[in-house]
Amino acid sequence: MGIFFSCFSCCAKVSCLPDCCRLRCLKKQKYPFPFKRYSVYVNEVIDGDTLHITFFIKSQPMTMKLRLFGVDTPELSSKNPLEKEVAREVTEFLKKKIEGKYFTCELVKHDKYGGRVVGKLFYKNRDLTEILLEHHLGKCYEGGNKGEWKEVELLDIKKELQKLRMMKKV
């Protein structure tokens, strides 16, 4: 069961505190759940920054897409063959780490299109966004136009993935 939202008042900038977004949504009361931490099951890694999750509220399962807060990863739908290849590699890397497992997730706000929720997923007690950024598997995203991926950025991600696979770190 997918969830679609009607509250679009949340700001899209990282500079605005997540609490501000939560308070704005709480006042509107147009959402099926409060924005807080939940134990979630990762059904599927859709791409490097989007997951399909399930969690429970009062014994009712809620299934939705989660957009990771504050990070952009290469797109599987890109016309650039290198970007598409790197996107597949990042997606496969994350699938091996988080798909089919339970994690803590903090729901932050609705995404700008209303079909997803933006949130933080905690992997080994660390925000997954921080891990992706620390290992150069994505770049910081503060809303708005994402811009094109540069070839050097994509090659850096490939190189970092090779290192991580060899080290089996993260």
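The values are calculated or read from the model by the stated rules, or taken from the named source; none is laboratory data. In this text the structure is predicted, and so the values were computed from the model without any measurement. Backbone-built Cβ (ideal geometry, glycine too); neighbour counts: all protein chains shown. Just so you know, the surface numbers come from the protein's heavy atoms only, side chains and all, with ligands and any DNA or RNA stripped out. Shrake-Rupley method; radii C 1.70, N 1.55, O 1.52, S 1.80 Å.
Return yes or no: is N125 open to solvent by 40 Å² or more (accessible area, probe 1.4 Å), under 16 Å from S39 (Cβ atoms) and not hydroxyl-bearing (S, T, Y)?
Here the answer is yes, as N125 does meet what is asked.
How many residues, within the stretch 47-60, are over 14 Å from Y102 (Cα atoms) and open to solvent by 10 Å² or more (accessible area, probe 1.4 Å)?
First, pick out the residues of the stretch 47-60 that are over 14 Å from Y102 (Cα atoms): 47-50, 57-60.
When the remaining residues are screened for being open to solvent by 10 Å² or more (accessible area, probe 1.4 Å), the result is 47, 57-60.
So the answer is 5.
Please find, among E92, E44, the residue that is closer than 27 Å to E153 by Cβ, in contact (Cβ under 8 Å) with a residue 24 or more places away in the chain and open to solvent by 50 Å² or more (accessible area, probe 1.4 Å). Reasoning before the result, please.
Numbers: E92 fails: in contact (Cβ under 8 Å) with a residue 24 or more places away in the chain.
Checking each option against the conditions leaves just E44.
One line per residue, one yes/no per condition, for (1) at pLDDT 95 or above; (2) assigned to a strand (DSSP E or B); (3) open to solvent by 10 Å² or more (accessible area, probe 1.4 Å):
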site	(1), (2), (3)
G100	yes, no, yes
K112	no, no, yes
V117	no, yes, no
L121	yes, yes, no
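Condition check: modelled with pLDDT of 95 or more, under 13 Å from the mean Cα position of the chain (by Cα), in a helix (DSSP H, G or I) and of a type outside the set (S, T, N, Q). Does V86 satisfy that? Steps first, answer last, please.
Values: modelled with pLDDT of 95 or more: yes; under 13 Å from the mean Cα position of the chain (by Cα): no; in a helix (DSSP H, G or I): yes; of a type outside the set (S, T, N, Q): yes.
Judged against the criteria, V86 is not a match.
Quick one: in the stretch 70-84, of everything that is without any contact (Cβ under 8 Å) to a residue 24 or more places away in the chain and of a type outside the set (S, T, Y), which residue is most open to solvent (accessible area, probe 1.4 Å)?
From the stretch 70-84, those without any contact (Cβ under 8 Å) to a residue 24 or more places away in the chain are 77, 79, 81, 84; that's our starting set.
Now drop any that are not of a type outside the set (S, T, Y), which leaves 79, 81, 84.
Values: K79: 198, P81: 100, K84: 74 Å².
So the residue we want is K79.
Quick check: is even one residue across the stretch 106-124 of a type in the set (D, E) and under 11 Å from D49 (Cα atoms)? Can you show your working first?
Keep residues of the stretch 106-124 that are of a type in the set (D, E), which gives 106, 111.
In the following step, the residues that additionally are under 11 Å from D49 (Cα atoms) were identified as none.
No - not one qualifying residue is present in the stretch 106-124.
Suppose we filter the stretch 123-145 for residues that are farther than 14 Å from V45 by Cβ and assigned to a loop (DSSP other than H, G, I, E, B); how many remain?
Number of matching residues: 9.
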